[in-house]
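Worksheet: one structure, shown below.
What follows is calculated from the coordinates using simple rules that are stated; it is not laboratory data. On a predicted model such as this, the values are computed, not experimentally measured, just so you know. Here the Cβ positions follow ideal geometry from the backbone for every residue, glycine too, while neighbour counts run over all protein chains shown.
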Amino acid sequence: MRTTESAPSPQAPRAVVNLDVPGPTISRHIYGHFAEHLGRCIYDGFFVGKDSQIPNVDGLRTDVIDALKAIDIPNLRWPGGCFADEYHWRDGIGPVDQRPTMVNTNWGDVVEDNSFGTHEFMHLCELLETEPYITGNVGSGTVQEMSEWVDYLTRDGDSPMARLRRANGREEPWKVPFFGIGNESWGCGGNMTPQTYAAEARRYATYVRNHGGNKITRVACGPNTDDYQWTDVLMRDLVDCATCPKAEPGPYQAISLHHYTFTHSFQDKGQATRFSTAEWYNTFTHAWWMDELLTHHSTIMDRYDPYRKVGLVVDEWGAWWDVEPGTNPAFLYQQNTLRDALIASLTFDIFHRHSERVIMANLAQTVNVLQSPVLTDPETGQMILTPTYYVLLMNKGHHDARRLDLHWVDELPTLDTGATTPLQLVSASASGKDGAVLTSLSNLDARDSHTLRLDLRGQEVTGSSAQILTAPELNSHNTAQAPDVVVPAAFTDYQLADSVLTVTLPRASFVTLSLTLG
Ligand code: AHR
């Protein structure tokens, strides 16, 4: 902490934070991840095979597992994405050399040999100490196929599927707390209308049964970005009795939302490492959109489900850029810069603010695809931790903590970018758990630092420490040759006087402040 006695700048925006008024719990599951059979995510990223030179446990990379364990990943979504609606789970069980192959038509027509299937995924989750979130096939599968997969995974006692699982070497059932009823059923998952999907989802979800002690949160396919009609139809259909809002919702417990951030648009995504300052700002305007989307979808959900029994699961989010030059366009491999880190930190603040409705989220995707916390070098096999990884590390204290609202007394700095609304340049959130408070602060301003004041009330602060993630250039990133360009460092440019914490955020930076309460 800086020791100067100088009075805080009166111009610095001030927020009141009542440390003794905890809000809702920020579910650790909003820090979830996503691994699809796409490009080098599963094969190369997680799974290199037992004979690889890369250290592994049963073919699963030890370094990647250790890195993900260090950020406490709470859940992992698999096998897709679009892949899920062409995946037939029985192809991925039994002796590996007898498994049939298929063509991964969504992602480059590569041959999928099914060597990574149900048992390998569940083993990975056990090694990661994370909870599986499996997405079933609605688009090209059957109700019976989905029902039998759940039976195979989770049924104790005697059944044809439990017997088959045992014959394949797994005696005990697994626990599967989350199950998706198809993926993007409005697009790659079947091109359905919301009315058609709503009827299908009820039918499929009915047969995704709770066996023994396994209790499943069934996640129906929700809208893409701002398709509010999809949410409306799904919710209207789900909640059986509009006039008795306390009624239990129908056969699923959550709906999903997918929203990606681009520099301009899906058609004009922009490059990961080459962008102008104007494009930097444009990207953050797009990233802030998540806040509006969650507000509008939640408002629709509130109309049908005022007691918030149905969760919103943002099971695909993140930055989507053009692929790295020279890589397969269908593999969605992209670099990850300081800009990606700030997209992540901003988005987590937004999720924290919506934690009454948002029960889970999955960053797309875990390794080597889209906004990955982990990359692996195709030549050397070396693992690289990206700037996004460090945001997940620095934000770990928010997992299952109680939100502390920041009540802004003054206007936060904005920039007129020519968009409909000015871009808010600073974002912040805080939470408390076990006598400690974690505050996350992002400065999206590419040029200037900003000072903020937090008026901490209700409890005494007895200790503090802080970290910063920033870099010399806006597009700084980590590579196999230079893996530590963007890494967290100790931060001291803050002071606490008379319970007011004053902090100056350098341009383009993410700061976390950890406070100990007396
Ligand atoms: O994450 C990549 C793809 O994006 C997923 O497969 C699909 O669900 C989405 O369109």
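Observations
- Lys/Arg +1, Asp/Glu -1 at C-beta; the chain dipole; positive extreme among 212, 46, 30: 212
- Extension gain, residue 408 back to residue 460 (0.36 nm per residue minus Cα-Cα distance, nm): 16.7 nm
- Computed over the stretch 96-227, the range of Cα coordinates on each principal axis works out to 43, 36, 28 Å, biggest value leading.
- Each Lys and Arg adds +1 at its Cβ and each Asp and Glu adds -1 at its Cβ; summed about the Cα centre, the stretch 371-518 shows a dipole of about 280 debye.
- Only helices enter the 222 nm calculation for the chain: every DSSP H run of n ≥ 4 contributes -39,500 (n - 2.57), and dividing by all residues gives -7000 deg cm²/dmol, rounded to 500.
- For the chain, the orientation-averaged shadow of the C-alpha convex hull comes to 24.4 nm² (one quarter of the hull surface).
- Positive dipole terminus of the stretch 292-335, leading residue within 319, 297, 332 (C-beta point charges): 297
- Around the Cα centre of the chain, unit charges on the Cβ atoms of Lys, Arg, Asp and Glu (plus for the first two, minus for the last two) sum to a dipole of about 960 debye.
- Residues of the stretch 78-97 with an amide N closer than 18 Å to a point placed 7 Å from the Cα of residue 126 along the Cα-to-Cβ direction: 93-96.
- Cα gyration tensor shape for the stretch 376-518, rounded if a/c is under 1.5, else prolate or oblate: oblate
- Once the Cα-Cα distance is subtracted from the 0.36 nm per residue extended length, the residue 516 to residue 382 segment shows a gain of 44.5 nm.
- With Cα atoms defining each centre, the stretch 38-56 and the stretch 500-518 are spaced 39 Å apart in the structure.
- Figure legend: label point modelled 7 angstrom from the Cα of residue 88 along Cα→Cβ; residues of the stretch 121-140 with amide N under 16 Å from it are 137-140.
- Listed by chain and number, the lysines whose C-alpha is less than 24 Å from the C-alpha of residue 215, apart from same-chain residues fewer than 8 away, are 175, 246, 309.
- Cα centroid separation - the stretch 80-120 against the stretch 415-442, whole Å: 41 Å
- About its Cα centre, the dipole of the stretch 379-425 is roughly 260 debye, where the only charges are +1 on Lys and Arg Cβ and -1 on Asp and Glu Cβ.
- With respect to the chain, whose longest principal axis is taken over its alpha-carbon atoms, helix 194-206 is tilted by about 70°.
- 3J(HN,Hα) from dihedral phi, the stretch 55-71, Karplus parametrisation 6.51/-1.76/1.60, rounded to Hz, x for glycine, proline: x, 8, 10, 6, x, 9, 4, 5, 5, 5, 4, 4, 5, 6, 5, 5, 9
- Other-chain or far-sequence residues with amide H under 5 Å of residue 135's (modelled H): 78, 80, 180
- Virtual paramagnetic centre 7 Å along Cα→Cβ of residue 18, amide N under 11 Å, in the stretch 411-430: none
- Note on residue 449 and residue 475: with the Förster distance fixed at 22 Å, the Cβ-Cβ geometry gives a FRET efficiency of about 0.70.
- Separation of alpha-carbon centers, the stretch 164-178 and the stretch 297-372, rounded to whole Å: 30 Å
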